[in-house]
Amino acid sequence: MNKIDKYKILKKIDAGGMAVVYKGLQVSLNRPVAIKVLSKKLSKNTEIVERFNRESLIIARLSHPNIIHVIDRGITSKGMPYFIMDFVEGADIAKRIKEKSYNINQKLNVIIQVCKALSYAHKNGVIHRDIKPANILIDSEENVLVADFGIAQFFDEYTGDEQLTREGVVMGSLDYMSPEQKTSFRSITASSDLYSLGVVMYDLFADSKPLGRFKPPSVVNPEIPDPLSKVILKCLEPDPSDRFSSADEIKDQLLELLQGAHIRDTQKREVIRGIAKMEDIFDLLDIIKEHKFGAVYLFRHKAKGELMVVKKYSGPLGGFKEAKLLTSLKHKNIVNIYGASGSEDLYIIVMEHISGGSLADRLLRHYAWIEVLETAKGICEGLSFAHKNRIIHGNLRPSNILISESGEIKITDFGLNEHYANDADKSNWFNVFENPKSHKTDIFAAGVIFYKMLTGSIPNWNENRLIPNEKLESLPPNLKSMISKMLSREPENRQKSFDEVLDSINDIIETHERESAKIANIKGTPVPIKAEKKKLSFFFRALLLFALLFAAAGAYLFYTGKQTYYLDLLRQLLDNLTSLKF
């Protein structure tokens, strides 16, 4: 086999029990690709073929700089499924471990990038389930890419389909597998990936695997700082509830240990350019995002010891006036602004750090409509407060709706202009009719976000009419009506304010709760019946026990000549029992 469809096979680069990986060439673009083909001996197994096909769909839905990107998929002429991925020129961590070529800071940087990939996947309901060194690739520029989501599964969508994965089937690599994963796939959660990451870290930093009653990493390798050793040990807790709550939590602790050592000097100089005393107040921990108008950084405040986000903007990006106003305003659904300084040409905004990421990181997963409404309430309450204080958002989109670790909605980036306003090939779906910024455009943008969460797609219009969507049509009529009104082509036909949207949301939730209560009353609930049966069962067991005790006592008393006293006592007890009501 020297060709698969439009891809030329150059050489075999890896082979496992399930698939073979080739280096190939996409002839049309003359670019190298990785081709993963299901093993011939397994291609007739329906369960494995379905799992393999699902891998490409899962990875294709994951769009993150630290996750291998899927380009294409298909089936060979011999019936073997395959998919095409970006080819990574470099090595995996397994080889780097053997080479011992990385220092501690470089290793920390690798794990931080893995945490970013896992954080994104977990927020979208995807568990990798096979985190190990061989699946952590490093390209020629030291970028980390997590590969092989082949046994991943959208656990939020799991319905117990026994055809895909059966109870007792163990999936993953035993050396890196969490205790619960070895027991049953039904016990696997995102925390299982964090355990596997802990094994990788132990392997990477201590140069051995944590087998049996293992020693702390800092004991095995004295060069490992004690705080890092504690992070690794917490990942390796047998009980999932004792581990970190998320990959973000691990990432933030490792960033504090790394102290910005992974950031190039030229980048650090750019951070402080034009801003006095930045180094005196903050320690730079990470560069979250960079674009042509500025960047977003993670800092630790030296005096307070708190993590904070610093946004540095230049040019016509806007948002400075709104940030200044928000320094004196607080709301539970708006990110706290600690300070804003500079001018419209160059300014910084210092704000609270929300470790849970943005709504944009979570839009691959499926949302139940009642769950969407709970998120929508937080967004509407935050924007209602802003509007009452004469602050228009003007650029609302999923990327500036943050979500805390506890699930609380936090809106940010008020007043910013579109980053891609002049790009002809990009549409602003959140203001598709290009209305002037107002509270009405914020309502429209929120409607697009709710529509996307409810249907999984962006709304489309035929001139002024919203094109029907099957998923939207299946929603409760009052919810469909609310969304359609928010998405009206004409601003005057939308809701007057977010308070009006909130009234609709509360009415929909109350109606749902009333209908659910009615259904429960009609069907009846089996719990009281079971409880009554349990009560009666307990009574009869107790009665039998008393009978046995009395029989034993009677035999003893008969033997000792005190049976008359015993019979009188028994008659009195029986009289009391017959008077009881059950």
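A short reminder: the numbers here are calculations on the coordinates, not readings from a lab. If you're wondering where the values come from, they're calculated on a predicted model, not measured in any experiment. Neighbour counts run over all protein chains shown; Cβ positions are idealised from the backbone, glycine included.
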Worksheet item: For Lys100 and Glu473, what does the FRET efficiency come to when R0 = 60 Å and r is the distance between their Cβ atoms, rounded to the nearest 0.05?
Response: 0.50
Worksheet item: Can you run phi through the Karplus equation (6.51, -1.76, 1.60; θ = phi - 60°) for the range 241-248 and list ³J(HN,Hα) in whole Hz, with x for Gly and Pro?
Response: 5, 8, 7, 5, 6, 7, 5, 4
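Could you work out how much longer the chain between Lys215 and Asp503 gets when fully extended? Use 0.36 nm per residue separation minus the Cα distance between them, nm to one decimal.
Result for the pair: 97.9 nm of gain on full extension.
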Worksheet item: Which entries in Lys95/Lys304; Lys277/Lys332; Lys44/Lys234; Lys302/Lys324; Lys292/Lys471; Lys251/Lys437 show an alpha-carbon gap greater than 32 Å?
Response: Lys95/Lys304; Lys44/Lys234; Lys292/Lys471; Lys251/Lys437
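Would you please give the FRET efficiency between Lys485 and Glu142, computed as 1/(1 + (r/R0)^6) with r the Cβ-Cβ distance and R0 = 30 Å, to the nearest 0.05?
0.05
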Worksheet item: Shape call for the range 267-352 from the C-alpha gyration tensor, a ≥ b ≥ c root eigenvalues: rounded (a/c under 1.5), prolate (a/b greater than b/c) or oblate?
Response: oblate
Response to the item:
FRET efficiency (Glu492, Lys388; Cβ distance; R0 25 Å; to 0.05) is 0.75
Item to complete: Subtract the Cα-Cα distance of Ile75 and Ala517 from 0.36 nm times their separation in residues, and report this length gain in nm to one decimal.
Response: 154.1 nm
Worksheet entry | Pairwise label distance in nanometres, Thr266 with Ile458, each label 7 Å out on the Cα-Cβ vector | 3.4
